[in-house]
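J.: For reference, the structure I am asking about is given below.
The values are calculated or read from the model by the stated rules, or taken from the named source; none is laboratory data. Model, not experiment: these values are computed from the prediction. Counting neighbours? That spans all protein chains shown, and the Cβs are built from the backbone with ideal geometry, glycine included. Note: accessible area is taken over every heavy atom of the protein model, side chains too, but ligands, DNA and RNA are not part of it. Shrake-Rupley method; radii C 1.70, N 1.55, O 1.52, S 1.80 Å.
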Amino acid sequence: MASKTGLRCGVIGYGGAFNMGRAHLSSMEKAGMEAVAVCDLEPERRKAAEQDFPGIATYARPGGMLRHSDLDLVAIITPHNTHAKLALQVLDAKVGAVCEKPMAVTSREVKAMLAAARRNRVMLSTFHNRRWDGDFLLLRELIQEERIIGRVFRLEAGFGGYGRQPAWWRADRTISGGAIYDWGAHFTDWILGLVRDEIDWVSGYQVKCTEWEDYTNEDHSEYTLKFNGGCLAHLVISNLAMSSRPKWRILGDRGSIEAAADGAYLVKALVNGRQMETRLTPPASNWDAYYENVKRHLQGRAALAVTPESAARVIGVLEAANLSARRKGGMPVRPAFK
């Protein structure tokens, strides 16, 4: 697909897991940008990229791609603990950067990334495409209309199952940051999108199954997040949960919202003094909206939806949850980004 915008894009990392490199480039093309370059250490993955995108240039090292491809935007799709180093390389080449979630592993890394983006006057974002999930959009609409369930004072979110984690880098805590940095990054971004107050503190708790010693990730992670407006949010991500729980349960002072097993949402509220309930089906998700917004932003036609500052808050919460979980009694931690 020829570029309609003059924006040239590439990716660092074309690994086979989830075909994420292909997904990013395809979404960029749908937005009208041009996919021109791929960087991956493995020759077979570079060959796969050439088959998926005939004519695309491939490189074994990021430096070569940044020097020769005349890029406007690079998506970084690599293990979590490499995001910051690669983003700094891209930003210092005065090229816009999109990091797969999570943005990075530590707040220290994030602060360096924010400074590099400002210094070089280029875009920095994180691929929180799940902000365009239908159920999140529905929840945000219901909560913003305070007449429906009133002032929200508690959110409960997450999911679980039972079973050991696969033996790959995502189960290595030193690389992944811990299990909560995976789906927990999505849920934390959603929670911060539903409650717009500043963060007061985070308290974390984790459990490692003693029988599953072939990887270092914890098997159960949870945190409680206190906002300075009084709302509490509780997130659970578990591989030790044999019993199920709803993906979302939200309590307001005039009603509640709870996810049903079939994907619908049960809304209970006071109407003329009576308790009423209804079931609502979320709209369709539109993940391609992420790169459509990025394109418009690079053209100067729209504000960036996923700002680096908003992505930084996610890392602040996840880091604080990990730090708290290591303290006796899960003592609360103030995150680096409020």
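J.: Considering MET103, MET113, which residue is closer than 21 Å to SER310 by Cβ and out of contact with any Ser or Thr (no Cβ under 9 Å at 6 or more places or on another chain)?
T.: On the way: MET103 fails: out of contact with any Ser or Thr (no Cβ under 9 Å at 6 or more places or on another chain).
Of MET103, MET113, the one residue that is closer than 21 Å to SER310 by Cβ and out of contact with any Ser or Thr (no Cβ under 9 Å at 6 or more places or on another chain) is MET113.
J.: What do you reckon, is ASN228 surrounded by fewer than 20 Cβ atoms within 10 Å (Cβ to Cβ) and out of contact with any Phe, Trp or Tyr (no Cβ under 6 Å at 6 or more places or on another chain)?
T.: Details: surrounded by fewer than 20 Cβ atoms within 10 Å (Cβ to Cβ): yes; out of contact with any Phe, Trp or Tyr (no Cβ under 6 Å at 6 or more places or on another chain): yes.
In short, yes.
J.: How many of the residues in region 257-304 are open to solvent by less than 40 Å² (accessible area, probe 1.4 Å) and either free of Cβ contacts under 8 Å to residues at least 12 places away in the same chain or under 30 Å from LEU91 (Cα atoms) (or both)?
T.: Qualifying residue count, region 257-304: 8.
J.: On the given criteria, is GLU211 touching a strand residue (DSSP E or B) at 6+ places or on another chain (Cβ under 8 Å) and surrounded by fewer than 20 Cβ atoms within 10 Å (Cβ to Cβ)? Write out each step before concluding.
T.: On the way: touching a strand residue (DSSP E or B) at 6+ places or on another chain (Cβ under 8 Å): no; surrounded by fewer than 20 Cβ atoms within 10 Å (Cβ to Cβ): yes.
No, not satisfied.
J.: Which members of region 186-227 meet the condition of being over 19 Å from ARG173 (Cβ atoms) and basic (Lys, Arg)?
T.: Scanning region 186-227 gives ARG196, LYS226.
J.: Here is a check on your reading of the model: is GLY163 in contact (Cβ under 8 Å) with a residue 24 or more places away in the chain, more than 21 Å from the chain's Cα centre (by Cα) and open to solvent by less than 40 Å² (accessible area, probe 1.4 Å)? Don't jump to the end; show me each part of the working.
T.: On the way: in contact (Cβ under 8 Å) with a residue 24 or more places away in the chain: yes; more than 21 Å from the chain's Cα centre (by Cα): yes; open to solvent by less than 40 Å² (accessible area, probe 1.4 Å): yes.
For GLY163, the condition - in contact (Cβ under 8 Å) with a residue 24 or more places away in the chain, more than 21 Å from the chain's Cα centre (by Cα) and open to solvent by less than 40 Å² (accessible area, probe 1.4 Å) - is met.
J.: Moving on. Looking at (1) part of a helix (DSSP H, G or I); (2) without any contact (Cβ under 8 Å) to a residue 12 or more places away in the chain, can you tell me which one SER27 breaks?
T.: Of (1) part of a helix (DSSP H, G or I); (2) without any contact (Cβ under 8 Å) to a residue 12 or more places away in the chain, only one is false for SER27: (2).
J.: Select from region 231-254 the residues that are open to solvent by less than 40 Å² (accessible area, probe 1.4 Å), within 18 Å of LEU142 (Cβ to Cβ) and in contact with a Gly (Cβ under 6 Å, 6 or more places away or on another chain) and list them in ascending order.
T.: GLY252
J.: Mind checking which residues of region 166-178 are open to solvent by 20 Å² or more (accessible area, probe 1.4 Å) and either part of a helix (DSSP H, G or I) or in contact with a Lys or Arg (Cβ under 9 Å, 6 or more places away or on another chain) (or both)?
T.: Listed by number, the residues that qualify are TRP169, ARG170, ARG173, THR174, ILE175.
J.: Further question on the same structure: With the structure loaded, tell me whether ASP253 is in contact with a Lys or Arg (Cβ under 6 Å, 6 or more places away or on another chain), more than 23 Å from GLU319 (Cα to Cα) and of a type outside the set (Gly, Ala, Ser) or whether it fails that test. Show your work before the answer.
T.: On the way: in contact with a Lys or Arg (Cβ under 6 Å, 6 or more places away or on another chain): yes; more than 23 Å from GLU319 (Cα to Cα): yes; of a type outside the set (Gly, Ala, Ser): yes.
Yes; evaluated as a whole, the condition is true for this residue.
J.: Among all residue pairs at least 6 apart or on different chains, which show Cβ distances below 7 Å where the first residue, located in region 31-45, is touching a residue at least 24 places away in the same chain (Cβ under 8 Å) and the second is of a type in the set (Asp, Glu) and open to solvent by less than 60 Å² (accessible area, probe 1.4 Å)?
T.: Within 7 Å, the pairs are ALA31/ASP288; ALA35/GLU29.
J.: Okay, next question. Identify, by number, the condition in (1) among the hydroxyl-bearing types (Ser, Thr, Tyr); (2) crowded, with 18+ Cβ neighbours inside 10 Å; (3) out of contact with any helix residue (DSSP H, G or I) (no Cβ under 7 Å at 6 or more places or on another chain) that SER203 doesn't meet.
T.: The one condition SER203 does not meet is (3).
J.: Looking at THR188, is it open to solvent by less than 10 Å² (accessible area, probe 1.4 Å), of a type in the set (S, T, N, Q), more than 17 Å from LEU225 (Cβ to Cβ) and in contact with a strand residue (DSSP E or B) (Cβ under 8 Å, 6 or more places away or on another chain)? If you could, list the steps in order and put the result at the bottom.
T.: Details: open to solvent by less than 10 Å² (accessible area, probe 1.4 Å): yes; of a type in the set (S, T, N, Q): yes; more than 17 Å from LEU225 (Cβ to Cβ): no; in contact with a strand residue (DSSP E or B) (Cβ under 8 Å, 6 or more places away or on another chain): yes.
It is false that THR188 is open to solvent by less than 10 Å² (accessible area, probe 1.4 Å), of a type in the set (S, T, N, Q), more than 17 Å from LEU225 (Cβ to Cβ) and in contact with a strand residue (DSSP E or B) (Cβ under 8 Å, 6 or more places away or on another chain).
J.: Still on this structure: Kindly evaluate GLU218 against the criterion of being assigned to a loop (DSSP other than H, G, I, E, B) and under 20 Å from the mean Cα position of the chain (by Cα).
T.: Numbers: assigned to a loop (DSSP other than H, G, I, E, B): yes; under 20 Å from the mean Cα position of the chain (by Cα): yes.
For GLU218, the condition - assigned to a loop (DSSP other than H, G, I, E, B) and under 20 Å from the mean Cα position of the chain (by Cα) - is met.
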